[in-house]
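Have a look at the structure below, then the notes.
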Amino acid sequence: MAEEVLVFGAWGSPFSRRVEMALKLKGIEYKYIEEDITNKSPSLLKYNPVHKKIPVLVHNGKPVAESLVILEYIDETWKDSPILSKDPYERANARFWAKFIDEKCLSAIFKACLGEDKEHEKALEEASELLQFLENELKEKRYFGGETVGLLDIAANIIGYWLGVLEEASGAELLTREKFPKLCNWANEFVSVSAIKENLPPREKLIAYMRNRFGVGTTSK
Amino acid sequence: MVKNDVKVLGAWPSPYVMRPRIALNIKSVNYEFLEETFGSKSELLLQSNPVHKKIPVLIHGDKPICESMIIVEYIDEVWTSGPSILPSDPYDRAIQRFWAAYVDEKWFAAMKGLRSAQGEERKAFLDQVTEGLALLEEAFGKCSKGKAFFGGDRIGLLDIAFGSFLGWLKVTEKLNGVKLLDEAKTPGLVKWAERFCADAAVKSVMPETEKLLEFSKVLAAKMKGAPPPKN
């Protein structure tokens, strides 16, 4: 039976890019469907009625939603180039930090880069504390996954690419080489991996989109 | 295996703490339960979970594992001779994980909102909770395929994720004078809830509703004047 893999995503979304990165790393062919999130397609609403969000992976007609759930599904279905260790403790560790990124880092990063002036200092401090945890977690590894890109590296795509773009768009400075030498090195390594590089939204387009969406960088503060 | 090789740091009222305990019971693993004192955090907790400083924490040998559902998956992967908590098929696993995330991120968030809300806001949260239960009723039908639990014949990941909230659900029903699990609207879940609470792996760790009700009053009194609880 011919395999059909669909990915519903949005060009600028780190979440749908995660799914594409994992599929590309494993050499899996898929059909990409771009969603206009202001005008969601009937297909998206059918495949993800609960959240009505991207990304959704549809494998032979069966939908899977939520990017981290999808990453695990991909790893369990296509076993070449694993993105999770076989060791239960390392798996738990990768999952822990991936959840940490989604539940804590994301909103902190947004506040730090886009927050109101008076909250700004505090927001920067909080975001820095969170990033410090990840800096420490990297230790001397090339990637969070060790020698190869793993689930946590993919989940950290926000930090590896989107954060830098947001900083440029807003003028904020958060991920500095001075404070986070390991994370900065990691980010360079990460975006150099071909399966990752091919799946990054164009930088200028993303900057323009962020400036427009968040109203930053156009007025002086 | 030495008994103190496995420890769970937690507190009896917490639904999140129940989860690893149920999982360890399913696997027939002996563990030491270290109860945290309400209102303070032990040195061991702060050392084992420096990032979130929260319970539950599983300490296996000298390794701490944090975040209740991550702990449950860890337990399933380490103790492979016991019954499986996750199904073997990747798609079924994805569905269980999807709904477990939904329960934590959307449904229980609405339940917590209900706790302190008034008037219009309260009604909005109540609607969200009821809508969520309707979705879960439907999910139960699909996941159980006519069997006793979301996991099939035995308790699985999603049973643990959702079932751990049943004590607090009953407290919410009493405090708000509403019936959330209802024979007319959620018949599948009503029967499932009875089976879940009666299960050998669950019985010993599910707090009695009366005790939880008492505790909720202590909690409310402590929260008065304090900033809203973050979770």
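One residue is enough: does the stretch A:4-12 have a residue meeting the conditions charged (D, E, K, R), surrounded by 15 or more Cβ atoms within 10 Å (Cβ to Cβ) and in contact with a Lys or Arg (Cβ under 8 Å, 6 or more places away or on another chain)? Full working, then the answer.
Keep residues of the stretch A:4-12 that are charged (D, E, K, R), which gives A:4.
So of that shortlist, the ones also surrounded by 15 or more Cβ atoms within 10 Å (Cβ to Cβ) come out as none.
No: the stretch A:4-12 contains no residue that is charged (D, E, K, R), surrounded by 15 or more Cβ atoms within 10 Å (Cβ to Cβ) and in contact with a Lys or Arg (Cβ under 8 Å, 6 or more places away or on another chain).
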Within the stretch B:73-85, of all residues that are touching a residue at least 24 places away in the same chain (Cβ under 8 Å) and within 10 Å of chain A (Cβ to nearest Cβ), the one surrounded by the most Cβ atoms within 10 Å (Cβ to Cβ) is B:75
Residue A:81 vs (1) within 18 Å of the chain's Cα centre (by Cα); (2) more than 10 Å from chain B (Cβ to nearest Cβ): all pass except (1)
- Hey, does the stretch B:101-114 have a residue that's facing another protein chain (nearest Cβ under 10 Å), of a type outside the set (D, E, K, R) and under 17 Å from the mean Cα position of the chain (by Cα)? yes
Within the stretch B:29-46, does at least one residue satisfy the condition of being touching a helix residue (DSSP H, G or I) at 6+ places or on another chain (Cβ under 9 Å), under 24 Å from residue A:137 (Cβ atoms), surrounded by 18 or more Cβ atoms within 10 Å (Cβ to Cβ) and in contact (Cβ under 8 Å) with a residue 12 or more places away in the chain? no
Over the stretch A:42-52, the set of residues touching a strand residue (DSSP E or B) at 6+ places or on another chain (Cβ under 6 Å) and part of a helix (DSSP H, G or I) is A:44, A:47
Per the list (1) exposed (fewer than 15 other Cβ atoms within 10 Å of the Cβ); (2) touching a residue at least 12 places away in the same chain (Cβ under 8 Å), residue check on residue A:209 breaks on (1)
Filtering the stretch A:53-67 down to residues that are in a loop (DSSP other than H, G, I, E, B) and within 19 Å of the chain's Cα centre (by Cα) yields A:53, A:54, A:55, A:66
**Prompt:** Does residue A:202 qualify as being loosely packed, with under 13 Cβ neighbours inside 10 Å and over 21 Å from residue A:13 (Cα atoms)?
**Reply:** no
The helices (runs of 4 or more DSSP H) lying wholly within the stretch A:68-163 that contain at least 1 residues that are free of Cβ contacts under 8 Å to residues at least 12 places away in the same chain are A:88-100, A:106-114, A:117-138
Notebook entry, point to check: Does residue B:58 fit the bill of being within 30 Å of residue A:49 (Cβ to Cβ), touching a residue at least 40 places away in the same chain (Cβ under 8 Å), aliphatic (A, V, I, L, M) and touching a helix residue (DSSP H, G or I) at 6+ places or on another chain (Cβ under 8 Å)?
Noted result: no
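Name the residues in the stretch A:1-23 that are more than 14 Å from residue A:55 (Cβ to Cβ) and modelled with pLDDT of 95 or more, would you?
At the first step, the residues of the stretch A:1-23 found to be more than 14 Å from residue A:55 (Cβ to Cβ) are A:1-4.
Matches in the stretch A:1-23: A:4 only.
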The residue that is nearest to residue A:13 (Cα to Cα), considering only those in the stretch A:54-67 that are out of contact with any strand residue (DSSP E or B) (no Cβ under 7 Å at 6 or more places or on another chain) and touching a residue at least 12 places away in the same chain (Cβ under 8 Å), is A:67
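Has the stretch B:89-96 got any residue that is in contact with an Asp or Glu (Cβ under 6 Å, 6 or more places away or on another chain), of a type outside the set (A, V, I, L, M, F, W, C) and either surrounded by 14 or more Cβ atoms within 10 Å (Cβ to Cβ) or under 17 Å from residue B:160 (Cβ atoms) (or both)? Don't jump to the end; show me each part of the working.
Within the stretch B:89-96, the subset in contact with an Asp or Glu (Cβ under 6 Å, 6 or more places away or on another chain) is B:90.
Remaining after also requiring of a type outside the set (A, V, I, L, M, F, W, C): B:90.
Still in the list and also either surrounded by 14 or more Cβ atoms within 10 Å (Cβ to Cβ) or under 17 Å from residue B:160 (Cβ atoms) (or both): B:90.
Yes, the stretch B:89-96 contains at least one residue that is in contact with an Asp or Glu (Cβ under 6 Å, 6 or more places away or on another chain), of a type outside the set (A, V, I, L, M, F, W, C) and either surrounded by 14 or more Cβ atoms within 10 Å (Cβ to Cβ) or under 17 Å from residue B:160 (Cβ atoms) (or both).
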The correct count of residues that are in contact (Cβ under 8 Å) with a residue 40 or more places away in the chain, among the hydrophobic types (A, V, I, L, M, F, W, C) and within 19 Å of residue B:179 (Cβ to Cβ) in the stretch B:108-147 is 9
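The values are calculated or read from the model by the stated rules, or taken from the named source; none is laboratory data. These numbers were taken from a predicted model, which means no experiment stands behind them. When we count neighbours, we look across all protein chains shown, and the Cβ atoms used for this are built from the backbone with ideal geometry, even at glycine.
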